[in-house]
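The values are calculated or read from the model by the stated rules, or taken from the named source; none is laboratory data. Being a predicted model, the structure only gives us computed values, none of them experimental. With ideal geometry, Cβ positions are generated from the backbone for all residues, glycine too; neighbour counts draw on all protein chains shown.
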Amino acid sequence: MLSAVYPGSFDPITFGHLDIIVRASKCFDKLYVVVFENKGKTPLFSVSERVAMIQEECSGLPNVEVLSSSGLLVDFAKKHGVKVIVKGLRAVSDFDYEFKMALMNKKLAPDIETVFMMTSLKYLYLSSSLVKEVASYGGCIKDLVPPGVEKRVFERMNVQRMSQ
Ligand code: PNS
């Protein structure tokens with residue numbers, strides 16, 4: 001059985017993440033989607049809120065399990081017998097950061113491979129940070145995140161939505 005892990009902050013999950021999850025779930029027998037605490041970022045949602053939102057969106061994908069972890073990604077992978085890390089790659093600007101992380105993970109765990117999936121063209125510009133920025137001004141995010149996530153973002157920010 002070939003399993004993979006798709007890690008991220010997912011603060012919040014976007015259609016770009018979901019696109020990678022759906023496509024990766026077709027490539028592996030089992031896909032763990034794992035919410036990691038990113039010490040460099042102040043999150044809008046708690047880890048458990050982020051897990052709950054992803055679970056809601058992945059309920060139709062039987063081989064996807066959503067979890068959280070506060071340790072190293074490679075330690076999660078070893079613990080769960082996972083040999084592949086899936087990452088989504090958007091523009092060239094992602095490459096430097098992702099390349100460094102892939103090499104560091106390779107150093108920490110040489111038998112674990114990082115596999116990059118190119119983002120779908122329509123999500124090339126999409127990031128959780130931009131979603132939060134647009135929402136903070138009351139802008140329309142309905143094409144960027146699922147409806148349940150959109151609702152939670154505006155509730156959490158206490159911002160009035162502009163007309164859609
Ligand atoms: O969505 P993000 O913020 O780009 O995801 C970053 C994430 C969670 C994949 C990265 O910070 C991570 O792997 N965190 C787990 C801790 C770890 O293993 N750090 C060393 C990575 S080389």
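Any residue at all in region 3-10 that is closer than 16 Å to residue 144 by Cα and either in a helix (DSSP H, G or I) or within 11 Å of the ligand (Cβ to nearest atom) (or both)? Give the steps one after another, and end with the answer.
So the first thing to find is which residues in region 3-10 are closer than 16 Å to residue 144 by Cα, and the list is 10.
Add one more test, that the residue is either in a helix (DSSP H, G or I) or within 11 Å of the ligand (Cβ to nearest atom) (or both), and what stays is 10.
Looking through region 3-10, at least one residue is closer than 16 Å to residue 144 by Cα and either in a helix (DSSP H, G or I) or within 11 Å of the ligand (Cβ to nearest atom) (or both).
Which of the residues that make up region 84-112 are surrounded by 15 or more Cβ atoms within 10 Å (Cβ to Cβ) and either under 17 Å from residue 28 (Cα atoms) or among the charged types (D, E, K, R) (or both)?
84, 85, 86, 87, 88, 90, 94, 98, 106, 112
Counting just the residues of region 78-108 that are in contact with a helix residue (DSSP H, G or I) (Cβ under 8 Å, 6 or more places away or on another chain) and more than 10 Å from the ligand (Cβ to nearest atom), which one comes out modelled with the lowest pLDDT? Spell out the reasoning first.
In the first step, residues of region 78-108 are kept if they are in contact with a helix residue (DSSP H, G or I) (Cβ under 8 Å, 6 or more places away or on another chain); the result is 82-83, 85-90, 105, 108.
Remaining after also requiring more than 10 Å from the ligand (Cβ to nearest atom): 82-83, 86, 89-90.
Values: 82: 98, 83: 97, 86: 98, 89: 95, 90: 91.
Taking the candidates together, the pick is 90.
Taking region 11-42 as the search range and keeping residues that are part of a strand (DSSP E or B) and within 13 Å of the ligand (Cβ to nearest atom), which one is surrounded by the most Cβ atoms within 10 Å (Cβ to Cβ)?
33
Where in region 43-153 are there strands (runs of 3 or more DSSP E), lying fully within it, with 1 or more residues that are touching a Phe, Trp or Tyr at 6+ places or on another chain (Cβ under 7 Å)?
Numbers: elements: 64-69, 84-89, 113-118.
Passing ranges, in order: 64-69, 84-89.
If you check residue 46 against the conditions, is it without any contact (Cβ under 8 Å) to a residue 12 or more places away in the chain and more than 14 Å from the ligand (Cβ to nearest atom)?
yes
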